[in-house]
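Notes for the one structure printed next.
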Amino acid sequence: MSKAANKLMLLGAPGAGKGTVAKGLTSQLGVAHLSTGDMLRAAVAAGTAVGRLAQGFMDAGQLVPDDVMVKLIDERTAEADCKAADGKPRFLLDGFPRTLPQADALDASGLGPEVVLFVDVPEEALLRRLTGRRSCPGCGAPFHIDFQPPKVDGICDACGTALVHRADDQEGPIRKRLDTYRAQTAPLVQRYADRIVRIDGTTAPAVVLEAALAAVAGKNQAQSAA
Ligand code: AMP
């Protein structure tokens, strides 16, 4: 008998390592990875109406308005890869919901998460992680100048594209993003107290992934992370 969850959500501050856990879960479980940050960056790069609206908020470390985000996720979760063979929803949310109204909207569509993986990292460690972060605009591979440097400085190991230092990974916007997280997203820890699993995000990525996989498989008791 399997208690494995199908509607999964990652919660954590910017820089907690949600993207890395998401990549591991996606490749191990074959679940669709819905990263609203990636979706918005793609919209910015493509110059769509959503991208033009989102860019100013993103560069300033602020959240994009809830109605825009809810519509984006409504449309994305309706796509075929977000359903299991039996037609039931199956996906991993990464970066959504990020506010209480977004969580309410998700519940109202019947898509509220069954398990919330809270990747917990103390705030002082986050700043160092974020300022050193580099990412590949070609394939999305993440790097870090101290913790995960590319083999050739500034070049993606996987596809050879020049790495970028995101505008919102500079120190000013990072401080703003951490403030935004504390004020608007951290309350979700309480909101999801009945289904949250706290994972220590300061351990090695493989250990974090193992804990996340155990939680998805229903091997961890839901525990208060407050
Ligand atoms: P991320 O890559 O998840 O850190 O997202 C980058 C930026 O995209 C955030 O700082 C926000 O400006 C915006 N963003 C991503 N997801 C959301 C969301 N659920 N609600 C509002 N803004 C978002």
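Read-outs throughout are calculated quantities, based only on the coordinates presented, and are distinct from any laboratory measurement. Given the structure is predicted, the values throughout are model-derived calculations rather than measurements. Using ideal geometry, Cβ is built from the backbone for each residue, glycine included, and neighbour counts are taken over all protein chains shown.
Its Cα gyration tensor gives the chain an equivalent ellipsoid; the semi-axes, largest first and in whole Å, are 25, 21, 19.
As a proxy for reagent exposure, M69, M58 were ordered by neighbouring Cβ count within 10 angstrom, fewest first; the result is M58, M69. Model label sites at E75 and R128, defined 7 Å from Cα along the beta-carbon direction, differ in position by 4.1 nm.
Residue separation of S109 and A42 scaled by 0.36 nm, minus their Cα-Cα distance, works out to 21.6 nm of gained length.
The lysines whose alpha-carbon is closer than 19 Å to the alpha-carbon of K176, local same-chain residues fewer than 8 away aside, are K18.
Among the GluC sites (Glu not before Pro) within the stretch 110-145, those in coil by DSSP and having at most 16 neighbouring Cβ atoms inside 10 Å are E114. Shape analysis of the stretch 6-110 based on the Cα gyration tensor places the equivalent ellipsoid semi-axes at 22, 16, 14 Å, largest first.
Values of log10 I(q)/I(0) for the stretch 67-176 across q = 0.10, 0.13, 0.14, 0.17 Å⁻¹ run -0.44, -0.72, -0.81, -1.02, by the Debye formula with one identical scatterer at each alpha carbon and no solvent.
Spin-label point model (7 Å from Cα, Cβ direction): what's the A158 to R52 distance in nm? Distance between label points: 3.1 nm. Sorted largest first, the spans of the alpha carbon positions of the stretch 129-203 along the three principal axes are 44, 27, 21 Å. The residues neighbouring V70, those whose beta-carbon lies less than 15 Å from its own, together hold a net charge of -3 under the Lys/Arg +1, Asp/Glu -1 convention. Taking 7 Å steps out from each Cα toward its Cβ at D86 and D194 produces label points 2.1 nm apart. Looking at the stretch 1-126 alone, DSSP beta bridges between its own residues are antiparallel in about 10 percent of cases.
Annotation: amide H of H144 within the under-5 Å range of R134, sequence separation 5 or more or interchain, hydrogens built in the peptide plane. Within the chain, antiparallel bridges make up roughly 30 percent of the DSSP beta bridges whose residues both belong there.
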